[in-house]
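Every number in this text was worked out from the coordinates using simple rules, so none of it is lab data. What you are looking at is a predicted structure, and each value in this text was computed from that prediction instead of being measured. Virtual Cβ from ideal backbone geometry, glycine too; neighbours counted across all protein chains shown.
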2 protein chains.
Amino acid sequence: MPRYVCCCRYDGTAYRGFQVQVEENTVCRVLQDALEQLFRVRPEIKGCSRTDSGVHAYAFCFSFLCEKEIDPKRLPAALNTFLPPDVAVVQASFAPEDFHPRYDCLGKEYVYRVLNRRLRDPFYEKKALLWPGKLDEKMLNRAARAFVGEKDFTSFCGSNGKVKEDMVREITEFSVTRKGDEIFFRVRGTGFLYHMVRIMVGTLLQIAQGVYPEDSVEEMLQAKDRRVAGMTAPAHGLYLNRVFYDPVLLSAAEEGAPWLK
Amino acid sequence: MPRYVCCCRYDGTAYRGFQVQVEENTVCRVLQDALEQLFRVRPEIKGCSRTDSGVHAYAFCFSFLCEKEIDPKRLPAALNTFLPPDVAVVQASFAPEDFHPRYDCLGKEYVYRVLNRRLRDPFYEKKALLWPGKLDEKMLNRAARAFVGEKDFTSFCGSNGKVKEDMVREITEFSVTRKGDEIFFRVRGTGFLYHMVRIMVGTLLQIAQGVYPEDSVEEMLQAKDRRVAGMTAPAHGLYLNRVFYDPVLLSAAEEGAPWLK
């Protein structure tokens, strides 16, 4: 039975994340609905990540088995006709039958987008966090350096996190850049805990506010206690931007958002 | 009685344009609702332009008289709390009592945004025209050159246009630029006829398709007949980007969208 792997983009505003247990409006469900319309069967979908309610994705990979065969090149356009405007498949290919978009993922890149101005802008509504306070991207970069490496991220894991055993994750890159009045926090790593990016960004924003000193991240990590780290930044600024697999599987998954190019 | 002039931004998707006669959902109406909540009186609003249903604005100027005095610096944030998420006031100041945002306007800049790719993108939904066909921006620039100058634009005026007498308008700038898979048509002029920008852009897109030869604009202008020009491009790609007044009145009105910077 052929296994398909697809890369999709979605505006997460209307969704309770990609996949949840209970029957709710999820991206996974609208994808299954579209697949059912196209294939007349409803395949199970495996996603590359859980994403929270309201979080967006520029590249989200999902995979499914389906006995019906269709040229993967034609699959995105065919599926898109059955998908709502806020979800679109951008690439598809065949994958090995045992491929799993989550376990076979080599790394992910998240981008947290902040609109650093006093007044809100309708074109950034639910697409970036409005933050009127002063943000010095050089200082933020210095403060974020302590996140990079293989570390225990217990202090940066939301209390609803299900992973209780191994809290060690590796962050390979953390950069903060400015483009006009937009600030981008870009975090790349091999794995992430529940709410981890949002707590890291929330902590950095509070460092900018003076709530914590610039060099406090190291100490927070060592404390291994969620209560010592900062706030969880809101979901609507967060984008799953790129997902990395063995080369040639899905080039679109490594494309990312246009704002950072 | 003090006259206020404000610059606002709006995502036009949900609106029947800025101002229409009948009772419908217009940007003007939500602004009046907000003013009424703030001032306890409902001032009449004069806008800098009619804009069509679904057209967006990065800088739209409006003005009103109101006996209640408030520091214009505080007005945008105060009004924004009463405005829906898709409309925001970004600047305000006092203006001479006889100021009219439409008649005192020295020029306007529209931007038409095209997403030139095969598959749709959720983040451009209703914000740009999806155009899968080949677009050569150099050729489009050459073809658009014929629009520049003081000309009779009868062929590029929608048939619902109310102006019947003087169809002469002056286009001071027309440029087509590419940024990745986005194409921006930027048109600056002292005045515009009904649907004029959308018909100019639609015609250029059809020139790119080969429907009309590259050098056909000149002939179309000379014909003074709407039927010889091309299609009216859809509203959702169009932005009123900048509005020009006597300097110092409203600097925000000259700011424009961040994508073109």
Any idea what Rg and Dmax come out to for region B:38-115 if you just take the C-alpha atoms, in Å?
13.9, 46
With the cut-off at 1.5 for a/c, could you classify region B:87-154 from its C-alpha gyration tensor as rounded, prolate or oblate?
oblate
If you find the alpha carbon centre of region A:168-189 and of region B:192-261, how far apart are they in angstrom?
38
For region A:173-261, run through the GluC sites (Glu not before Pro) and keep only the ones in DSSP coil with at most 15 other Cβ atoms within 10 Å of their Cβ.
A:GLU214
Cut-off is 10 Å between beta-carbons; in what order do B:ASP152, B:ASP71 appear when sorted fewest neighbours first?
B:ASP71, B:ASP152
Taking every residue in B:115-128, how many Cβ atoms of other protein chains lie within 10 Å of its Cβ, on average?
5
What is the minimum Cβ-to-axis distance for chain A, in whole Å, where the axis maps A onto B, and to which residue does it belong?
A:TRP259, 5
Count, for each residue of B:83-89, the Cβ atoms from other chains sitting within 10 Å of its Cβ, then give me the mean as a whole number.
3
Would you mind counting up the charge near B:PRO2? Only other residues with Cβ under 12 Å from its Cβ, with Lys and Arg at +1 and Asp and Glu at -1.
-2
Chain B, relative contact order [Cα under 8 Å, separation at least 6], %
24
For the residue pair A:ARG117 and A:ASP181, what label-to-label distance in nm results when each label sits 7 Å from Cα along the Cα-to-beta-carbon direction?
0.3
Can you list the copy-to-copy distances for A:ARG142, using a point 7 angstrom from Cα toward Cβ, in nanometres, shortest first?
5.4
Relative to 2.2 N^0.38 Å, what does the C-alpha radius of gyration of region B:107-240 come to as a ratio? Two decimals please.
0.99
Any idea what the relative contact order of region A:88-208 is, in percent, if you count C-alpha pairs under 8 Å spaced at least 6 apart?
30
Chymotrypsin sites (Phe, Trp or Tyr not before Pro) lying in DSSP loop within region B:30-114, provided at most 13 other Cβ fall within 10 Å:
B:TYR103
Top mean-square fluctuation among A:THR172, A:THR81, A:THR232, Gaussian network model of chain A, C-alpha springs under 10 Å?
A:THR81
Once the dipole of chain B is set up from charges on Cβ (+1 Lys and Arg, -1 Asp and Glu), the residue from the list B:LEU106, B:CYS28, B:SER216 lying farthest towards its positive end is B:SER216
How many percent of Cα pairs in chain A exceed 33 Å?
21
Relative to 2.2 N^0.38 Å, what does the C-alpha radius of gyration of the protein assembly as shown come to as a ratio? Two decimals please.
1.08
For chain A, with a Gaussian network of springs between Cα atoms less than 10 Å apart, report the residue from A:PRO101, A:PRO234, A:PRO84 with the top mean-square fluctuation.
A:PRO84
Where the label is 7 Å out from Cα toward Cβ, how close does B:THR172 come to the same position in every other copy, in nm, shortest first?
5.1
Cβ-vector label at 7 Å, B:TYR194, separations to other copies in nm
5.9
Helix B:27-39: angle to the longest alpha-carbon principal axis of chain B, degrees 0 to 90, nearest 10?
10
What shape does region A:162-258 take by its C-alpha gyration tensor, where a ≥ b ≥ c are the square roots of the eigenvalues and a/c under 1.5 counts as rounded, a/b above b/c as prolate, and the rest as oblate?
oblate
Run the dipole for the protein assembly as shown about the Cα centre, Lys and Arg Cβ at +1, Asp and Glu Cβ at -1, nothing else charged, and hand back the magnitude in debye, nearest 20.
60
Kirkwood hydrodynamic radius (Cα pairs, Å) of region A:47-186?
18.5
Using the Cα gyration tensor of region A:176-233, with a ≥ b ≥ c the square roots of its eigenvalues, what is the shape: rounded (a/c below 1.5), prolate (a/b larger than b/c) or oblate (neither)?
oblate
Fewest to most Cβ atoms within 10 Å: A:HIS100, B:HIS56 sort as A:HIS100, B:HIS56
Per residue of A:33-42, other chain Cβ atoms within 10 Å number on average 0
Counting only DSSP beta bridges with both residues in chain A, tell me the antiparallel percent, nearest 5.
90
Ranking of A:TYR245, B:TYR15, B:TYR194 by count of other Cβ atoms within 10 Å, fewest first
B:TYR194, A:TYR245, B:TYR15
Calculated [θ] (222 nm, deg cm²/dmol) that DSSP helices of n ≥ 4 give over chain B, each run adding -39,500 (n - 2.57)
-5500 deg cm²/dmol
Return a whole-number percent for the relative contact order of region B:13-133, with Cα pairs under 8 Å and 6 or more residues apart as the contact set.
21
Among GluC sites (Glu not before Pro) in region A:1-100, those in a DSSP loop whose Cβ has at most 16 other Cβ atoms within 10 Å are A:GLU23, A:GLU24, A:GLU44, A:GLU67, A:GLU69, A:GLU97
Under 5 Å, built H, 5+ apart or other chain: amide partners of B:PHE153
B:VAL168, B:ARG169
